[in-house]
Amino acid sequence: MPALRLYVAPTNAGISPGRPAINIENGVKLVSVTATTPREALMRRSDLLAYARHTAQAREMAKVPRTSQIIFGERQYLLRVLDSIERTETPIKQRQYEQQPLERLIYARTQELNRINPDWDSRISTVLRPDVAPEELDRLAREAPEEDYFLLRLISEHPRTGAETLTLLAAHPYAAIRENVARHPNASAKTLTELSRDRSQPLWYLVAFNPSTPKALRRQLERQIKQAGRKRK
């Protein structure tokens, strides 16, 4: 990978403020950046390089797993763009030029979803059926890999999902799935009790309003809600 060197361009270098200019010299990528903040203006070249490296590391650490929820969202966005192009009076040449790369990207996202969970769209269609059997939901939940966030979230909020399936989903790392389990009326008393003790997020509040929560636990959580209200005052 070519080395990355940053330097502050002089004000008369003909580079628009705030816009990097990229050149390749002897296999080395040169990125000239104008100083856009007082801090950057006072930085030496070595400081600016360290600052850029730290920023790049922060961006890398902020990256999230590429789950089915993210990929599905990207595909939906691409489909909306393609639909807009096809519905509007776009010149033929422009439409053909833009359609092909969009269709390739949509196809790539579909393939990516199928790599996470084979026949992904068919599984989603099954889960979206209001009359799907609880046993079928349980099978799909157990077959799904952990990164199929979208499918598992749909199962966790389906009204026909059974107690055993919800117990399985209560341990999923995706917070929205655990929240759905905490508010689901089919969740077992044991699962709701365990979720009320979860310190990673305030699931106890959702458990407090779940009609399936044991009375003793509900009273305890109601007291906790009142105490929290007094502290805010």
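The values are calculated or read from the model by the stated rules, or taken from the named source; none is laboratory data. All values derive from a computational prediction rather than experimental measurement. Positions of Cβ are generated from backbone atoms using ideal geometry, with glycine treated the same way; all protein chains shown enter the neighbour counts.
Figures for the structure shown
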| item | result |
| --- | --- |
| Selection count where residues are buried (at least 17 other Cβ atoms within 10 Å of the Cβ) and part of a loop (DSSP other than H, G, I, E, B), scope segment 102-124 | 1 |
| Check on Glu89, farther than 27 Å from Arg160 by Cβ and touching a helix residue (DSSP H, G or I) at 6+ places or on another chain (Cβ under 9 Å) | no |
| Answer from Gln69, Gln94, Gln99 - the residue that is more than 29 Å from the chain's Cα centre (by Cα) and either at pLDDT 95 or above or in a helix (DSSP H, G or I) (or both) | Gln94 |
| Cβ-Cβ under 6 Å pairs, at least 6 apart or on other chains, segment 88-116 side in contact (Cβ under 8 Å) with a residue 24 or more places away in the chain and under 22 Å from Ile70 (Cα atoms), far side among the polar types (S, T, N, Q) and assigned to a helix (DSSP H, G or I) | Leu113/Ser68; Ile116/Ser68 |
